[in-house]
């Protein structure tokens, strides 16, 4: 769990619940390259992407993580995590880095300010029942490369995407007790 | 989404930019930082919307603004400006000495201060989505923040060990709704994020409040009243992330210049933390 800033504690609780439910998984916070090297997969949580981008640099974590993603490390990015995994950030800071792990353009705060936060059920490929998604200052996917699969969309806009071992969503799956997306990531991408 | 971060008080777009550049997760837009409010005296009110809008246009991180305790119309105005959070703050002069704002009546989330667990739970029952321990704003003195954090988190610890019958007494003593007390007994934490504010002046102060159990820190006068605000801001961000690592804390505390000049709590004319009911 990338634990530089943001909602990492709730993601860790989701992983704990899945472990308690019998999945062979353990969640640990990652703040350094040494900690990253111990992991088989990474979740990048929601939070402030500008802050995280800066802290990735100051913790000397950006380059090792970029190399790990190129080498096939499974990564699930949520909200700010999706921004960091994209290949181009719109309405970000000019010095804001992204990993280019998903061939997509992402606009920060595309769904509006804090007061325009909303919740909605989403149909997700691979899940039987809709997933209740919480969008807070969420990023919007504006352009998608050919290799990126849309796993769920909201009003015609992709909100959950996958390409190879990387998955990302615009919303916050950790804010509900529904762990199906974490499970989907662990079972179908990480191979737990 | 603000957890593990630093929220910085800023009074103009230039300061907001410095805060964002340093890695702040949000800025608090206000006309005067608390130490200047203390110095100037008089009634302190919501900021001019022009100044808030200027800051919103400058940064991409969330912008918070302060309304006076009980001043629901200032809150309505701030909500119409699309601020990301409203701080119903004791740093401004209270507008109502009995009632706080009915925060359920708003869409925008509120953060409120608290000196003890009872106050925190009353604010949560009124609809606050985030609590910050109050400390004593504008003093650069961490002692009150420590007192309030220890009081809130200490009582949470005691409640988790109480039996069911004792929870009724806890609710009565705290002046707090029983269901919230019962929830704390079960979960061992506040139902909303718990941040720290009031008196943080150095990276070490920020790290101490995080070690005590705060989930993020508000830094008011501490940054822009120091001799090198950009460096101090970055150092506080680094300290909040690496709050358990003394070697990194030593590194980021090195050569920062003068921290803000602090005040003794005993000599204060106004104790802002006493505002709130």
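The values are calculated or read from the model by the stated rules, or taken from the named source; none is laboratory data. Just so you know, these numbers come straight off a predicted model, no measurement behind them. Quick reminder, even Gly has a Cβ in these numbers, built from the backbone with ideal geometry, and neighbours come from all protein chains shown.
From the list A:134, A:166, A:124, pick out the single residue that is over 19 Å from residue B:25 (Cα atoms), within 14 Å of another protein chain (Cβ to nearest Cβ) and surrounded by 17 or more Cβ atoms within 10 Å (Cβ to Cβ).
Details: A:166 fails: within 14 Å of another protein chain (Cβ to nearest Cβ); A:124 fails: within 14 Å of another protein chain (Cβ to nearest Cβ).
Only one candidate passes the filter, namely A:134.
Is it the case that residue B:209 is within 29 Å of residue B:128 (Cβ to Cβ) and within 13 Å of another protein chain (Cβ to nearest Cβ)?
Spelling it out, it is not the case that residue B:209 is within 29 Å of residue B:128 (Cβ to Cβ) and within 13 Å of another protein chain (Cβ to nearest Cβ).
Hey, among the residues in the range B:7-29 that are in contact (Cβ under 8 Å) with a residue 40 or more places away in the chain and closer than 24 Å to residue B:275 by Cβ, which one's nearest to the other protein chains (Cβ to nearest Cβ)?
In this case the residue turns out to be B:26.
Against the definition (at pLDDT 95 or above, touching a strand residue (DSSP E or B) at 6+ places or on another chain (Cβ under 7 Å) and more than 29 Å from residue B:251 (Cβ to Cβ)), how does residue A:117 come out, yes or no? So that I can check it myself, show each step before the final result.
Working: at pLDDT 95 or above: no; touching a strand residue (DSSP E or B) at 6+ places or on another chain (Cβ under 7 Å): yes; more than 29 Å from residue B:251 (Cβ to Cβ): yes.
So residue A:117 does not fit the description; no.
Among the numbered conditions (1) within 12 Å of chain B (Cβ to nearest Cβ); (2) closer than 22 Å to residue A:137 by Cα; (3) modelled with pLDDT of 95 or more, tell me where residue A:29 comes up short.
With respect to (1) within 12 Å of chain B (Cβ to nearest Cβ); (2) closer than 22 Å to residue A:137 by Cα; (3) modelled with pLDDT of 95 or more, residue A:29 is out only on (2).
Return the only residue of B:101, B:131, B:152, B:124 being away from chain A (no Cβ under 14 Å), assigned to a strand (DSSP E or B), in contact with a strand residue (DSSP E or B) (Cβ under 8 Å, 6 or more places away or on another chain) and buried (at least 18 other Cβ atoms within 10 Å of the Cβ). Before you say what the answer is, go through the steps one by one.
Details: B:101 fails: assigned to a strand (DSSP E or B); B:152 fails: assigned to a strand (DSSP E or B); B:124 fails: assigned to a strand (DSSP E or B).
Exactly one residue qualifies, and that residue is B:131.
Looking at B:73, B:83 in this structure, which one is modelled with pLDDT of 95 or more, touching a strand residue (DSSP E or B) at 6+ places or on another chain (Cβ under 7 Å) and not in a strand (DSSP E or B)?
Step by step, each of B:73, B:83 is checked, and only B:83 is modelled with pLDDT of 95 or more, touching a strand residue (DSSP E or B) at 6+ places or on another chain (Cβ under 7 Å) and not in a strand (DSSP E or B).
Inside the range A:54-102, can you point out the residues that are closer than 17 Å to residue A:31 by Cβ, surrounded by fewer than 15 Cβ atoms within 10 Å (Cβ to Cβ) and within 14 Å of another protein chain (Cβ to nearest Cβ)?
Matches in the range A:54-102: A:57, A:60.
Would you check which residues across the range B:120-138 are within 14 Å of the chain's Cα centre (by Cα) and on the phi < 0 side of the Ramachandran plot and list them? Can you show your working first?
Residues of the range B:120-138 within 14 Å of the chain's Cα centre (by Cα): B:120, B:123, B:128-138.
Hits for the range B:120-138 are B:120, B:123, B:128, B:129, B:130, B:131, B:132, B:133, B:134, B:136, B:137.
Would it be correct to say that residue B:40 is surrounded by fewer than 22 Cβ atoms within 10 Å (Cβ to Cβ) and either within 14 Å of another protein chain (Cβ to nearest Cβ) or under 21 Å from residue B:239 (Cβ atoms) (or both)? Reasoning before the result, please.
Details: surrounded by fewer than 22 Cβ atoms within 10 Å (Cβ to Cβ): yes; either within 14 Å of another protein chain (Cβ to nearest Cβ) or under 21 Å from residue B:239 (Cβ atoms) (or both): no.
So residue B:40 does not fit the description; no.
In the range A:34-50, what count of residues is obtained for those that are more than 14 Å from every other protein chain (Cβ to nearest Cβ) and either in a helix (DSSP H, G or I) or surrounded by fewer than 16 Cβ atoms within 10 Å (Cβ to Cβ) (or both)?
Total meeting the criteria: 4.
Among the residues of the range B:49-70 satisfying the criterion of being part of a strand (DSSP E or B) and away from every other protein chain (no Cβ under 13 Å), which is surrounded by the fewest Cβ atoms within 10 Å (Cβ to Cβ)? Spell out the reasoning first.
Of the residues in the range B:49-70, the ones part of a strand (DSSP E or B) are B:63-68.
Going one step further and asking which of them are away from every other protein chain (no Cβ under 13 Å), we end up with B:66-68.
Details: B:66: 29, B:67: 26, B:68: 24.
Within the range B:49-70, the match that is surrounded by the fewest Cβ atoms within 10 Å (Cβ to Cβ) is B:68.
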